[in-house]
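**Student:** Okay, handing you the structure first.
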Amino acid sequence: MELISTCCLSAVALGAFFGFQGSVSPGPLQTVIISESLSRGIRSSWRVATISLVSDPFALVVAVLFVANLPNAFIAGISFLGALTLFRIAWLQFRTTVDDFHVQTPQSRLSFFTIWTTNMFNPNLWIFSFTINAVQISQFFKEGGFMAVVAYLSAFFVAICSCNLLIAFIVSKSRRFFDVKRLVGINRILGVFLLIVAVRFVYIGFSCL
């Protein structure tokens, strides 16, 4: 019993660490969180901050069922789809105008499906799920059983969503210090960053073929 308790504590600590690391690591999801927070505040960006609850479990289930190296063709396909999604979001960023920051135009916010596909087609999600999370889940299940796995996953998702929400809250509160025209400029700069990430995803895809 003591061994299981120790294993669960270790699982919580490790899960929280990886969740925090996943939240603060730069990437397309973090860029979208910042963009949505600046453009429409926490009422819209919370959907991006918590999207891991909807996208990550699918990748984890696939990874746990096939705890092995990802097929190159699979990573390539995910990378290309991710690049297409990022190109689309970047295009929306470039089309940002002053009017988009007014309450009268709520239709301009990203759809839930677009947010979901942004994370689902991020090759980093799949690589991390296969190389880190699936291995950790398998190991904790051997050492501490189902409870250790639950402890690890709970800590991971609480940490990543909490950190994302904190980032969204801080950014949404800071938007009052920016002139609207500057916000438009910031969104277009974020669009450039998304294009760079999209090109990187294309490179990852071709390198896997």
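Where a number appears in this text, it was derived from the coordinates with a stated rule and is not lab data. This is a predicted model, so every value here is computed, not measured. So basically every Cβ, Gly included, is an ideal-geometry build from the backbone, and we count neighbours across all protein chains shown.
**Student:** Roughly how many nanometres apart are two label points built 7 Å out from the Cα toward the Cβ at Y203 and L53?
**Tutor:** Between Y203 and L53, the label points sit 3.6 nm apart.
**Student:** Can I ask one more? Between V150 and V24, how high is the FRET efficiency from 1/(1 + (r/R0)^6) when r is the Cβ-Cβ distance and R₀ = 30 Å? Nearest 0.05.
**Tutor:** Working: r = 24 Å, r/R0 = 0.81.
Efficiency for this residue pair is about 0.80.
**Student:** Consider a paramagnetic label point 7 Å from the Cα of S10 along Cα→Cβ; state which residues of the range 144-179 have an amide N under 14 Å from it.
**Tutor:** Backbone N within reach: 144-145, 148-149, 152.
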